[in-house]
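Have a look at the structure below before the remarks.
Just so it is clear, none of the values below were taken in a lab; they were calculated from the coordinates. These numbers were taken from a predicted model, which means no experiment stands behind them. Glycine also receives a Cβ, built like all others from the backbone with ideal geometry; neighbour counts cover every protein chain displayed.
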Amino acid sequence: MHTNGSPLSVAQRPNSMTSPLVRSSLRKAEAGLPPRSTVGFLLLDSSLRPIVFNAEAIRVLSYPAELAQVRHPDVFLAGKIREGLLSPGPSRESPSVTEFRSGRRRYLCRAFVVDSDAKGPSRASIAVLLERAPVGLIPLSPISEQFNLTRREQDALEYLLQGLSNKEIANRMSVSPNTVKAFLRLIMLKMEVSSRAAIVAKIMMTNP
């Protein structure tokens, strides 16, 4: 249903669009739809196969390809998910957060465990949101105080949140890439995480 611009697509019903009556009803409904969502949404079963998804999820994960070029979106999305889009272990108490890039844009993938009464292998198990990562919207002073970051570590963190590489951060800070790596290792140590993406996730969980 994604090719018709509807808000959600049902991956398991590829033939549901064949009826002229259904197509006519959707065209009428689309006239009153709000502007397209800026957040990608997927609902996955326990095998991480998409049950429901919206067109924005395909746009984000297929960039720079055009939406219409993705012929089998459910298969395409399942492949992207299995490539490592989701970090392991979302729980009911705490969603998992993974940072990734689509073109030049940075996104956060948030995964939530879904409580569902449905039975069978296709029951909803995980809900996924794909959101643009905020730039310049996170106050770093409280974070620096919370994790006891130095001024230079805070500078490195700010550039990291802008999606810059170690080399780019080094150029901005007028230091070597190895020094940037040292700053980031210290930040990871203080935040008790083990990767750049985990730093971002920790901050997003600290500042919902």
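Can you tally the net charge around ARG101? Count Lys and Arg as +1, Asp and Glu as -1, for every other residue whose Cβ sits under 12 Å from the Cβ of ARG101. Walk me through the intermediate numbers first.
Working: positive: ARG104, ARG105, ARG106, ARG132, ARG196; negative: GLU99.
Cβ neighbours under 12 Å give a net charge of +4.
Over all alpha-carbon pairs in region 164-208, figure out the percentage whose distance exceeds 15 Å. Don't skip to the end; give the middle numbers.
Working: 448 of 990 pairs.
Here the tail beyond 15 Å accounts for 45 percent of pairs.
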